[in-house]
Amino acid sequence: MIEKRPLATWFSHTVLILGVAVVAFPIWITFVGASHDAIRMPQVPLPLLPGDQFFINLKAAFVEGVGNAKEQSVGIMMFNSLIMALMIAGGKIAISLLSAFAIVYFRFPFRMIFFWMIFITLMLPVEVRILPTFEVVANLGMLNNYWGLTVPLIASATATFMFRQVFLTVPDELLEAARIDGAGPMRFFKDILLPVSRTNIAALFVILFIYGWNQYLWPLLITTDKSMYTIVMGIKQMLEAAEEAPEWHLIMMTTLLAMIPPVLVVIGMQKLFIKGLTETEK
Amino acid sequence: MIKRTHFKSSPLPYLLVAPQILITVAFFIWPASQAVYQSMLLEDPFGLKSEFIWFENYVLLFSDEIYFSTFLRTVVFSSLVAFLSLSIALLLAATADHVVRGTRTYRTLLIWPYAVAPVVAGTIWMFIFDPTLGIVSYFLHGIGYEWNHRLNGNQAMALIVLAATWKQISYNFLFFLAGMQAIPKSLIEAAAIDGAGPARRFWTIIFPLISPTTFFLMVMNIVYAFFETLGIVHAVTKGGPAKATEILVYKVFNDGFIGLDLGGSAAQSVILMLIVITLTVIQFRYIERKVEY
Amino acid sequence: MARVLIENITKSYGETEVLHGINTDISDGEFIVIVGPSGCGKSTLLRMIAGLEDISSGTISIDGRVVNTLEPKDRDIAMVFQNYALYPHMTVFKNMAYGLKLRKFSKKNIKIRVHQAAKLLQLEELLERKPRQLSGGQRQRVAMGRCIVREPKVFLFDEPLSNLDAKLRVQMRLELRKLHKRLKVTSIYVTHDQVEAMTLGDRLVVINDGYAEQIGPPLELYEKPASIFVAGFLGSPAMNFISAQISADGKTAQLSEDVKVPVANPLSKQGITEKKVTFGIRPEHFSLSDKEKTGLPLRVDHAEFHGASTMIYGRLPGNDELITVRLPHIHHISPETVLMLTALPEHIHIFDQKTGKRI
């Protein structure tokens with residue numbers, strides 16, 4: 001601290017605590033909602049303190065399923081979300097690593113053309129090209145499966161740029177030493193480049209896992225088969241299924257379950273998360 | 001751009017970029033060019049006949065009052081979200097940077113909404129503001145204010161602004177805090193010795209020094225509000241009531257998938273792409289400037 | 001171990017030629033130092049020998065085999081880099097073993113070789129450490145070890161000591177010299193530090209602006225520099241250069257109107273009598289004149305004590321050049337004193353003013 005101003009410090013703490021409270025308030029309400037039963041829900045006002053039905057609701061969500069006909073287990077939806085998140089994060093990292101490697105370490109015809117082609121993807125978020133992309137996926141017969149869910153989302157300019165940046169900071173001498181030691185391109189990639197950039201890979205993985213898990217519109221369009229639903233879009237389906245009298249206690253339980261994995265990732269790997277966020281967005 | 005030493009040219013680099021390029025062509029460049037092409041077609045809803053009409057879809061759009069009001073609404077929505085989330089995040093970051101003890105704890109407690117999907121955020125706020133049983137609408141009723149975002153367009157707009165802002169605060173907070181902590185302590189100390197109190201230091205030293213971060217976040221927030229909030233709108237209001245919350249990206253989706261006006265939707269997509277391209281170029285300009293800085 | 005033959009090597013980047021026809025014959029087991037100011041092309045030459053840069057024209061052969069188009073790994077060389085280029089994620093053992101592993105040596109063989117090298121370099125205690133846990137000198141030794149285990153025909157060194165502090169540099173220089181005596185592997189060493197060059201090399205190649213100015217043993221280069229550049233580059237403090245005219249009989253050099261210096265070997269034959277030349281003499285090749293009235297009258301500007309010697313800076317009459325003189329022992333000399341000096345005739349160098357070449 002630079003000077004002693006207890007008042008300013010107290011003011012700061014007050015603002016921060018208020019901020020934390022405002023940020024946390026919706027989650028508290030979610031938790032409270034998820035811990036009461038169907039009878040308590042429609043009674044006004046809603047409780048502000050948790051009830052005793054949390055584990056019963058949890059069991060209901062997993063075993064009996066949620067949604068209109070209760071055929072939808074949250075477990076399956078979470079599993080689908082997990083597969084989707086892992087495939088998107090893994091796929092993006094894999095193809096970005098390879099193309100960044102080619103662009104930085106090789107000089108070949110059309111190199112810049114490829115570079116700009118990848119760059120273009122930065123400018124085309126899925127939301128603005130959703131209809132024609134959907135048609136392509138439908139024509140390729142990729143509806144209702146993991147490939148359709150993930151492959152169209154795994155081209156990534158930001159990840160490629162980030163790895164390009166990382167590779168450019170790897171000293172040239174490392175490559176030269178490896179060449180003198182007898183390593184070919186793929187050897188160098190596997191033995192030197194990957195281990196050297198492992199924290200960057202981990203940081204990016206954290207960001208991309210959250211990105212993948214939270215996909216909403218795309219799965220909504222690609223999956224019509226209930227066994228392929230992901231949890232984030234499942235919530236929407238639940239809201240829709242019970243337009244008149246939503247089962248709020250189960251919806252809140254599902255909502256809670258939908259955010260727990262990515263939130264745990266952010267909090268548990270905070271350092272990597274911050275590194276990933278500030279590096280990819282540069 | 002490229003290393004001093006590099007591997008000899010061979011088929012290998014082509015194999016390495018192939019997966020990325022294939023996906024880019026199949027799912028980005030081809031659909032985008034299709035969008036451009038379709039935006040010049042007049043197609044009947046069953047896709048049986050189509051007619052090439054050049055820019056008529058665009059002409060139609062620009063003369064469409066509904067489109068114009070959607071555009072205005074999007075600008076209002078984005079400005080509100082950007083302004084609110086940036087201001088709140090700035091306040092929190094400044095105070096978190098000011099306190100000596102607990103900065104990291106506060107950071108942990110403030111960043112996690114980043115991990116919450118927009119649609120999840122929307123659902124939770126919808127529950128809180130549910131006209132019949134929501135806890136906040138109950139209190140509002142208590143003080144004599146009737147809340148029903150299903151009927152009142154302004155309230156619906158307020159709700160999606162709230163949900164979108166809430167989710168974005170953590171992102172902005174993180175970048176602001178990182179920017180502030182990158183300022184050398186000695187600079188702040190020098191200002192304190194010169195006699196500047198905390199508030200004055202903030203406005204004369206810290207705020208000007210983090211202006212690159214602020215600018216970057218402004219662009220990112222506009223992109224976020226323009227595109228990524230589709231989930232929130234879709235889950236919470238479906239653009240209603242009476243199109244009161246229909247923003248551009250939702251209209252593209254709605255006109256294309258629900259209204260089946262393919263040409264019009266495609267033309268809207270192309271306009272959105274132009275907006276993203278403009279924003280990206282602005283952002284890259286900024287990065288170039290930052291390099292000198 | 002091998003002979004390295006460098007014939008007419010040039011290097012061009014597009015239109016600009018940066019190395020102009022370098023020729024050197026490095027014999028088996030020799031320690032040769034390529035020395036020159038930064039940007040002169042010395043590192044490029046080394047990297048061409050290593051195979052890290054393409055050769056524009058000319059040939060390089062190692063052990064009788066032309067290696068122009070061979071990959072670095074097939075040239076049977078090893079290289080120590082300026083920043084060591086240790087693999088940051090591998091332990092010292094793995095760093096040293098990597099090249100052997102890629103050459104499909106057996107695990108047992110790798111272990112034997114790495115431990116031998118580690119013993120030689122006193123790295124045995126550090127084998128399980130990562131590079132970032134090592135000091136500068138230790139990293140340097142690991143980089144050496146990585147070369148030794150391969151038992152290559154040629155060692156290449158690219159300014160390996162320039163990242164170390166002064167004291168460590170002297171120590172590592174000695175170690176390098178000892179190591180070379182033991183292993184007797186042909187070594188090519190690039191540096192910009194003339195002290196390193198003089199103390200390490202069996203022979204030096206002095207490069208300036210892409211030309212090899214002179215090649216020879218250190219002492220020969222010091223005593224008989226072939227050009228003004230070599231004369232000025234080697235030796236510290238640098239040689240004094242004064243514009244002069246040779247007398248008609250070729251026996252004296254006239255530095256200014258009143259100052260004449262006798263030269264050792266009469267220069268009448270070279271056809272430079274009564275012409276302008278550059279007269280060079282090293283600071284250590286002056287002595288105080290016995291007679292009070294004869295010699296070079298140096299008006300002292302200031303003096304510095306260096307412990308074992310005294311450095312005197314001053315000017316000769318009719319000449320604005322600051323002359324450096326090094327006298328052994330301590331002399332108390334106040335500014336503006338006029339010292340009578342003798343330039344040792346056998347240590348006087350005369351250079352052509354136009355070409356810069358020695359006469």
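The values are calculated or read from the model by the stated rules, or taken from the named source; none is laboratory data. Please read these numbers as outputs of a predicted model, since none were measured by experiment. Every residue, glycine as well, gets a Cβ built from its backbone with ideal geometry; the counts of neighbours run over all protein chains shown.
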>> I need the full set of residues from the range C:37-63 which are farther than 22 Å from residue A:174 by Cα and of a type in the set (Val, Ile, Thr), in order please.
In response: C:59, C:60, C:62
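Do you know which of the residues in the range C:95-125 that are within 12 Å of another protein chain (Cβ to nearest Cβ), more than 20 Å from residue C:136 (Cβ to Cβ) and not hydroxyl-bearing (Ser, Thr, Tyr) is nearest to the chain's Cα centre (by Cα)?
Taking the range C:95-125 first, the residues within 12 Å of another protein chain (Cβ to nearest Cβ) are C:95-105.
Still in the list and also more than 20 Å from residue C:136 (Cβ to Cβ): C:97-105.
Narrowing further to those that are not hydroxyl-bearing (Ser, Thr, Tyr): C:97, C:99-105.
On the way: C:97: 32, C:99: 30, C:100: 32, C:101: 35, C:102: 35, C:103: 34, C:104: 38, C:105: 37 Å.
Restricting to residues being within 12 Å of another protein chain (Cβ to nearest Cβ), more than 20 Å from residue C:136 (Cβ to Cβ) and not hydroxyl-bearing (Ser, Thr, Tyr), the top hit is C:99.
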>> Given the condition under 29 Å from residue B:155 (Cβ atoms) and touching a Leu at 6+ places or on another chain (Cβ under 6 Å), answer yes or no: does some residue in the range B:254-263 qualify?
In response: yes
>> Can you find a residue that is under 30 Å from the mean Cα position of the chain (by Cα), surrounded by fewer than 18 Cβ atoms within 10 Å (Cβ to Cβ), over 25 Å from residue A:231 (Cβ atoms) and within 11 Å of chain B (Cβ to nearest Cβ) anywhere in the range A:23-46?
In response: no
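Among the listed residues A:172, A:191, A:181, identify the single one that is of a type in the set (Asp, Glu), within 13 Å of chain C (Cβ to nearest Cβ), closer than 22 Å to residue C:47 by Cβ and out of contact with any Ser or Thr (no Cβ under 9 Å at 6 or more places or on another chain).
Working: A:172 fails: out of contact with any Ser or Thr (no Cβ under 9 Å at 6 or more places or on another chain); A:191 fails: closer than 22 Å to residue C:47 by Cβ.
Of the residues listed, the single one that is of a type in the set (Asp, Glu), within 13 Å of chain C (Cβ to nearest Cβ), closer than 22 Å to residue C:47 by Cβ and out of contact with any Ser or Thr (no Cβ under 9 Å at 6 or more places or on another chain) is A:181.
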> For residue A:272, are the conditions met, namely being within 9 Å of another protein chain (Cβ to nearest Cβ) and either of a type in the set (Asp, Glu) or surrounded by fewer than 21 Cβ atoms within 10 Å (Cβ to Cβ) (or both)?
Replying inline: no
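Every residue, every condition in (1) outside any helix (DSSP H, G or I); (2) within 19 Å of residue B:19 (Cα to Cα); (3) within 9 Å of another protein chain (Cβ to nearest Cβ), yes or no:
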position: A:150; (1), (2), (3): no, yes, no
position: A:155; (1), (2), (3): yes, yes, yes
position: A:163; (1), (2), (3): no, yes, no
position: A:167; (1), (2), (3): no, no, yes
position: A:210; (1), (2), (3): no, no, yes
>> Looking at C:46, C:70, C:86, C:100 in this structure, which one is surrounded by fewer than 23 Cβ atoms within 10 Å (Cβ to Cβ) and either outside the structural domain of residue C:151 (by TED's automatic domain parsing) or part of a loop (DSSP other than H, G, I, E, B) (or both)?
In response: C:70
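Quick one: which residue in A:257, A:239, A:264, A:250 is closer than 27 Å to residue A:160 by Cα and among the aliphatic types (A, V, I, L, M)? Let's see the steps before the verdict.
On the way: A:257 fails: closer than 27 Å to residue A:160 by Cα; A:239 fails: closer than 27 Å to residue A:160 by Cα; A:250 fails: closer than 27 Å to residue A:160 by Cα.
After ruling out the rest, the residue left standing is A:264.
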>> Any residue at all in the range A:78-88 that's touching a Phe, Trp or Tyr at 6+ places or on another chain (Cβ under 7 Å) and within 7 Å of chain B (Cβ to nearest Cβ)?
In response: no
> Right, residue C:322: in the same structural domain as residue C:247 (by TED's automatic domain parsing) and surrounded by 14 or more Cβ atoms within 10 Å (Cβ to Cβ) or not?
Replying inline: no
> Which of the residues spanning the range A:184-210 are out of contact with any helix residue (DSSP H, G or I) (no Cβ under 6 Å at 6 or more places or on another chain) and either of a type in the set (S, T, N, Q) or within 23 Å of residue A:138 (Cα to Cα) (or both)?
Replying inline: A:199
> How about the range C:49-61: which of its residues are within 23 Å of the chain's Cα centre (by Cα), modelled with pLDDT of 90 or more and either of a type outside the set (Gly, Ala, Ser) or not assigned by TED's automatic domain parsing to the domain that holds residue C:151 (or both)?
Replying inline: C:49, C:60
>> For a quick check of your reading: which strands (runs of 3 or more DSSP E) sit entirely within the range C:311-359 and have at least 1 residues that are among the charged types (D, E, K, R)?
In response: C:323-328, C:349-352
>> What are the pairs with Cβ atoms under 6 angstrom where one residue, in the range B:129-143, is over 19 Å from residue B:163 (Cα atoms) and within 9 Å of chain A (Cβ to nearest Cβ) and the other, located anywhere, is at pLDDT 85 or above and assigned to a helix (DSSP H, G or I)? Sequence gap at least six, or different chains.
In response: none
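Helices (runs of 4 or more DSSP H) wholly in the range B:45-152 with at least 2 residues that are small (Gly, Ala, Ser) and surrounded by 21 or more Cβ atoms within 10 Å (Cβ to Cβ) - which ones?
In the range B:45-152, B:65-98, B:118-128 are the helices (runs of 4 or more DSSP H) which contain 2 or more residues that are small (Gly, Ala, Ser) and surrounded by 21 or more Cβ atoms within 10 Å (Cβ to Cβ).
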> Looking at (1) more than 24 Å from residue A:162 (Cα to Cα); (2) buried (at least 20 other Cβ atoms within 10 Å of the Cβ); (3) more than 7 Å from chain B (Cβ to nearest Cβ), can you tell me which one residue A:141 breaks?
Replying inline: (2)
> For residue A:39, which of the numbered conditions (1) in contact with a helix residue (DSSP H, G or I) (Cβ under 8 Å, 6 or more places away or on another chain); (2) not in a helix (DSSP H, G or I) fails to hold?
Replying inline: (1)
> Of all residues in the range C:229-253, which are modelled with pLDDT under 80 and under 18 Å from residue C:314 (Cα atoms)?
Replying inline: none
> Taking the range A:47-65 as the search range and keeping residues that are touching a residue at least 12 places away in the same chain (Cβ under 8 Å) and outside any helix (DSSP H, G or I), which one is surrounded by the most Cβ atoms within 10 Å (Cβ to Cβ)?
Replying inline: A:53
>> I'm trying to understand the selection: among the residues of the range B:128-146, which are small (Gly, Ala, Ser) and over 21 Å from residue A:28 (Cβ atoms)?
In response: B:144
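So that you can scan it fast, the table gives a plain yes or no per residue for (1) of a type in the set (S, T, N, Q); (2) closer than 20 Å to residue B:180 by Cα; (3) free of Cβ contacts under 8 Å to residues at least 12 places away in the same chain; (4) at the interface with chain A (Cβ under 9 Å from one of its Cβ atoms):
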position: B:199; (1), (2), (3), (4): no, yes, yes, yes
position: B:207; (1), (2), (3), (4): no, yes, yes, no
position: B:217; (1), (2), (3), (4): no, yes, no, no
position: B:232; (1), (2), (3), (4): no, no, no, no
position: B:241; (1), (2), (3), (4): no, no, no, no
position: B:247; (1), (2), (3), (4): no, no, no, no
position: B:266; (1), (2), (3), (4): no, no, no, yes
> Which residue pairs have Cβ atoms closer than 8 Å, lie 6 or more positions apart in sequence or on different chains, and pair a first residue in the range C:124-137 that is hydroxyl-bearing (Ser, Thr, Tyr) and at pLDDT below 90 with a second residue that is outside any helix (DSSP H, G or I) and buried (at least 16 other Cβ atoms within 10 Å of the Cβ)?
Replying inline: none
> So residue B:114 clears everything in (1) at the interface with chain A (Cβ under 8 Å from one of its Cβ atoms); (2) without any contact (Cβ under 8 Å) to a residue 40 or more places away in the chain; (3) among the aromatic types (Phe, Trp, Tyr) except one condition, right? Which one?
Replying inline: (2)
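Quick check on this structure: which one of B:36, B:75, B:59, B:25 is out of contact with any strand residue (DSSP E or B) (no Cβ under 9 Å at 6 or more places or on another chain), within 8 Å of chain A (Cβ to nearest Cβ) and β-branched (Val, Ile, Thr)? Full working, then the answer.
On the way: B:36 fails: within 8 Å of chain A (Cβ to nearest Cβ); B:75 fails: within 8 Å of chain A (Cβ to nearest Cβ); B:59 fails: within 8 Å of chain A (Cβ to nearest Cβ).
Unique residue meeting the criteria: B:25.
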